[in-house]
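K.L.:
My questions all concern the structure below.
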Amino acid sequence: MKRSSLLLLSMMLVFTMFLAACSKTEEKTGTETPNTTETPKEEPKKDVSLRVFSTFGGTDAARESFQAAIDGFTSKNPNVKVENDTMSANDDGFRTKVNTDMTSGNEPDILFYFTGADAKGFIDAGKVVPLNEVLDANPDWKAGFAPAALENMTRDDGKIYSIPLTGYYEGLFVNKKIFKDNNLELPTDWDKLTKAVKTLSAKGIIPLAAPFDQSHYLIEYFMLSAAGSKGHNSGLANGIDPNWEKGYAAMKELYDLKAFPKDAATIDLSMASNYYDQGKAAMVIEGSWAIGNWKNKEVVDNTTVMPFPVMPGGLGTGKDVIGGFGSGFYISKATYDNPDKKDAAIELLKSLTSPETIEKIANSNGGTSAAAGVEIKGTTQAATDGFAMVASATSINKPIDNVVTPETFSALRAGVQSIVTGKKQPADVLKEAKATEDAGTK
């Protein structure tokens with residue numbers, strides 16, 4: 001072999017060894033030829049604006065907790081802007097606002113509202129959507145609710161249009177100190193109640209703080225005491241229960257004994273509750289939410305709650321209670337059909353009804369929990385007594401405004417002052433209310 005060929009062969013051998021060494025070095029160091037293909041960037045989420053209407057406004061005990069729940073959601077979802085549109089539940093104007101919004105095309109994206117007769121109109125009009133499929137598509141979320149709470153939301157057509165948050169109870173709240181200071185027994189029966197009314201009114205103490213116009217709780221408990229659970233819940237659609245006359249007559253009896261504030265004809269629910277909070281009234285019929293609104297520590301510390309006593313001849317048991325899950329969150333059909341809003345609205349709804357949020361709201365307003373496995377302990381003795389009252393109740397009944405039309409309930413309320421002042425007889429007011437009910441259900 002020629003020397004030049006040998007030299008060329010040697011050089012090729014050295015070059016081959018060099019390439020092999022480089023390859024091994026590359027394997028050791030993991031150095032590879034850069035991949036010039038870039039991972040596609042995730043498209044930013046579209047900005048979404050949602051309006052939530054609720055009654056967590058004014059002095060509502062859960063107002064701050066509800067706002068905190070919304071803030072918590074928006075902090076995790078910065079592309080979603082939420083307008084927290086609220087009014088006080090003690091202002092009957094919120095009903096007018098909801099009805100106007102729902103009939104004028106200005107529906108809120110999410111609505112927290114009553115689940116009874118008040119909602120029938122906009123449900124029948126298709127303004128909100130059933131949420132059964134949404135619940136089934138999110139089994140973990142659905143499993144977070146107590147079965148009884150979802151059952152309470154189910155309407156006659158088997159559909160769930162509203163998602164529960166917290167429940168409530170109503171009862172007779174009593175200032176134990178006022179009763180003790182005046183040597184009175186707690187009003188566990190009608191005789192003790194009327195004796196307390198006579199004694200306290202003679203001393204210038206308001207026995208029972210209640211308004212005549214916003215006489216929601218008066219009507220509910222007097223009719224429940226008089227007609228019992230079945231008669232109370234039957235409403236007026238199938239006729240007038242004569243025991244309802246007895247309930248109205250008992251209101252007049254207490255009025256004649258000076259049970260109510262002198263300005264009962266002009267005050268509203270908030271003012272009646274304030275009389276109790278200020279220690280000016282010995283009793284008030286209120287809901288569980290009221291406990292969180294009262295600021296007078298002496299009053300709160302000396303408050304208990306009990307069922308309203310049965311009047312003579314009444315069919316109640318003395319342990320019948322008004323309560324349940326009377327409100328919930330709806331999603332408007334316009335929002336559900338909007339691809340830019342639907343998913344955000346559902347995620348917000350899930351966040352507002354998570355077990356964590358439910359627990360915080362319930363702790364704020366003293367309500368009962370819609371969440372499975374979330375036990376709300378009373379932060380005051382009154383709240384503890386309230387939970388015990390519900391636990392031992394022989395019946396838990398929806399308010400009357402859940403079983404009659406809103407117009408009928410307005411007629412029942414308007415009749416209170418006329419009856420107690422003797423301008424109308426109970427039978428006449430009920431006849432007028434029945435006519436209103438028949439006209440509204442045709």
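K.L.:
Consider residue 75 against the criteria (1) without any contact (Cβ under 8 Å) to a residue 12 or more places away in the chain; (2) more than 19 Å from the chain's Cα centre (by Cα); (3) open to solvent by less than 40 Å² (accessible area, probe 1.4 Å): it satisfies all of them except one. Which criterion is unmet?
P.N.:
Going through (1) without any contact (Cβ under 8 Å) to a residue 12 or more places away in the chain; (2) more than 19 Å from the chain's Cα centre (by Cα); (3) open to solvent by less than 40 Å² (accessible area, probe 1.4 Å) one by one, residue 75 breaks only (3).
K.L.:
If you don't mind, another one. How many of the residues in the range 51-72 are part of a strand (DSSP E or B) and without any contact (Cβ under 8 Å) to a residue 60 or more places away in the chain? Outline the logic, then answer.
P.N.:
Within the range 51-72, the subset part of a strand (DSSP E or B) is 51-54, 56.
Going one step further and asking which of them are without any contact (Cβ under 8 Å) to a residue 60 or more places away in the chain, we end up with 51, 54, 56.
Here the count works out to 3.
K.L.:
Identify, by number, the condition in (1) open to solvent by less than 50 Å² (accessible area, probe 1.4 Å); (2) hydrophobic (A, V, I, L, M, F, W, C); (3) outside any loop (DSSP other than H, G, I, E, B) that residue 376 doesn't meet.
P.N.:
Residue 376 satisfies every listed condition except (3).
K.L.:
Can you pull out every residue in the range 80-121 that is of a type in the set (S, T, N, Q), outside any loop (DSSP other than H, G, I, E, B) and within 15 Å of residue 327 (Cβ to Cβ)?
P.N.:
Residues satisfying the conditions are 86, 88.
K.L.:
Hey, residue 255 hits all of (1) within 23 Å of residue 361 (Cβ to Cβ); (2) hydroxyl-bearing (Ser, Thr, Tyr); (3) open to solvent by 60 Å² or more (accessible area, probe 1.4 Å) but one; which does it fall short on?
P.N.:
Condition not satisfied by residue 255: (1).
K.L.:
Answer yes or no as to whether residue 416 is within 24 Å of residue 266 (Cβ to Cβ) and either in contact with a helix residue (DSSP H, G or I) (Cβ under 9 Å, 6 or more places away or on another chain) or not in a loop (DSSP other than H, G, I, E, B) (or both). Outline the logic, then answer.
P.N.:
Numbers: within 24 Å of residue 266 (Cβ to Cβ): yes; either in contact with a helix residue (DSSP H, G or I) (Cβ under 9 Å, 6 or more places away or on another chain) or not in a loop (DSSP other than H, G, I, E, B) (or both): yes.
Taking the combined requirement at face value, the residue satisfies it.
K.L.:
Which pairs turn up if I take residues in the range 122-139 that are over 17 Å from residue 164 (Cβ atoms) and of a type in the set (Gly, Ala, Ser) and look for partners that are open to solvent by less than 50 Å² (accessible area, probe 1.4 Å) and in a helix (DSSP H, G or I) with beta carbon separation below 8 Å, at least 6 apart in sequence or on another chain?
P.N.:
Partner pairs satisfying both residue conditions: 125/102.
K.L.:
Going through the range 241-252 one residue at a time, which ones are open to solvent by 10 Å² or more (accessible area, probe 1.4 Å) and either over 21 Å from residue 406 (Cα atoms) or outside the structural domain of residue 406 (by TED's automatic domain parsing) (or both)? Spell out the reasoning first.
P.N.:
Pass one, the range 241-252, residues open to solvent by 10 Å² or more (accessible area, probe 1.4 Å): 241-243, 245-246, 249, 252.
If the condition is that a residue be open to solvent by 10 Å² or more (accessible area, probe 1.4 Å) and either over 21 Å from residue 406 (Cα atoms) or outside the structural domain of residue 406 (by TED's automatic domain parsing) (or both), then 242, 243, 246, 249, 252 are the ones that fit.
K.L.:
Another one. Only one of 347, 432, 356, 437 is closer than 30 Å to residue 126 by Cα, acidic (Asp, Glu) and either assigned by TED's automatic domain parsing to the domain that holds residue 150 or open to solvent by 60 Å² or more (accessible area, probe 1.4 Å) (or both). Can you tell me which?
P.N.:
347
K.L.:
Kindly establish whether residue 259 is over 24 Å from residue 228 (Cβ atoms), at pLDDT 95 or above and not in a helix (DSSP H, G or I). Give the derivation first.
P.N.:
Numbers: over 24 Å from residue 228 (Cβ atoms): no; at pLDDT 95 or above: yes; not in a helix (DSSP H, G or I): yes.
Considered against the rule, which asks whether it is over 24 Å from residue 228 (Cβ atoms), at pLDDT 95 or above and not in a helix (DSSP H, G or I), residue 259 comes out as no.
K.L.:
Further, regarding this structure: Please go through the range 205-230 and give me each residue that is closer than 20 Å to residue 252 by Cβ and open to solvent by 40 Å² or more (accessible area, probe 1.4 Å), ordered by number.
P.N.:
So the first thing to find is which residues in the range 205-230 are closer than 20 Å to residue 252 by Cβ, and the list is 206-227.
213 - this is the single residue of the range 205-230 that is closer than 20 Å to residue 252 by Cβ and open to solvent by 40 Å² or more (accessible area, probe 1.4 Å).
Let's see how each residue does on (1) farther than 30 Å from residue 175 by Cβ; (2) in contact (Cβ under 8 Å) with a residue 60 or more places away in the chain:
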{"site": "352", "(1), (2)": "yes, yes"}
{"site": "372", "(1), (2)": "yes, yes"}
{"site": "385", "(1), (2)": "no, yes"}
{"site": "388", "(1), (2)": "no, no"}
{"site": "392", "(1), (2)": "no, yes"}
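K.L.:
Something else now. Tally up the residues in the range 412-422 that are closer than 14 Å to residue 213 by Cα and surrounded by fewer than 20 Cβ atoms within 10 Å (Cβ to Cβ), please.
P.N.:
4
K.L.:
Look through the range 292-326, keep the residues that are within 15 Å of the chain's Cα centre (by Cα) and not in a loop (DSSP other than H, G, I, E, B), and return whichever of them is farthest from residue 274 (Cα to Cα).
P.N.:
Looking only at the range 292-326, we keep the residues that are within 15 Å of the chain's Cα centre (by Cα), and these are 292, 322-326.
Next, only the ones that are not in a loop (DSSP other than H, G, I, E, B) stay: 292, 322-324.
Numbers: 292: 12, 322: 22, 323: 22, 324: 25 Å.
Restricting to residues being within 15 Å of the chain's Cα centre (by Cα) and not in a loop (DSSP other than H, G, I, E, B), the top hit is 324.
K.L.:
Let me ask another. Is it the case that the range 341-352 has a residue that's touching an Asp or Glu at 6+ places or on another chain (Cβ under 9 Å) and assigned to a loop (DSSP other than H, G, I, E, B)?
P.N.:
Taking the range 341-352 first, the residues touching an Asp or Glu at 6+ places or on another chain (Cβ under 9 Å) are 341, 344-345, 348.
Okay, now just the ones that are also assigned to a loop (DSSP other than H, G, I, E, B), so 341.
The answer is yes; a qualifying residue exists.
K.L.:
Is there a residue in the range 216-236 that is more than 21 Å from residue 433 (Cβ to Cβ) and not basic (Lys, Arg)?
P.N.:
Applying the first criterion (more than 21 Å from residue 433 (Cβ to Cβ)) to the range 216-236 yields none.
Within the range 216-236 (the criterion being more than 21 Å from residue 433 (Cβ to Cβ) and not basic (Lys, Arg)), the answer is no, since none of the residues qualifies.
K.L.:
Also: Spot the failing condition for residue 253; the list is (1) more than 18 Å from residue 411 (Cβ to Cβ); (2) over 29 Å from the mean Cα position of the chain (by Cα); (3) assigned to a loop (DSSP other than H, G, I, E, B); (4) not basic (Lys, Arg), and only one is missed.
P.N.:
Here residue 253 clears every test but (3).
K.L.:
Of all residues in the range 183-204, which are open to solvent by less than 40 Å² (accessible area, probe 1.4 Å), assigned to a loop (DSSP other than H, G, I, E, B) and touching a strand residue (DSSP E or B) at 6+ places or on another chain (Cβ under 8 Å)?
P.N.:
187
K.L.:
Moving to a separate point now. Of the residues in the range 231-240, how many are modelled with pLDDT of 95 or more and open to solvent by 10 Å² or more (accessible area, probe 1.4 Å)?
P.N.:
The qualifying residues number 1.
The values are calculated or read from the model by the stated rules, or taken from the named source; none is laboratory data. Since this is a predicted model, take the numbers as computed values, not measurements. Please note: Cβ atoms are built from the backbone with ideal geometry, for glycine as well, and neighbour counts cover all protein chains shown. Surface accessibility is based on the protein's heavy atoms, side chains included, excluding ligands, DNA and RNA. Shrake-Rupley method; radii C 1.70, N 1.55, O 1.52, S 1.80 Å.
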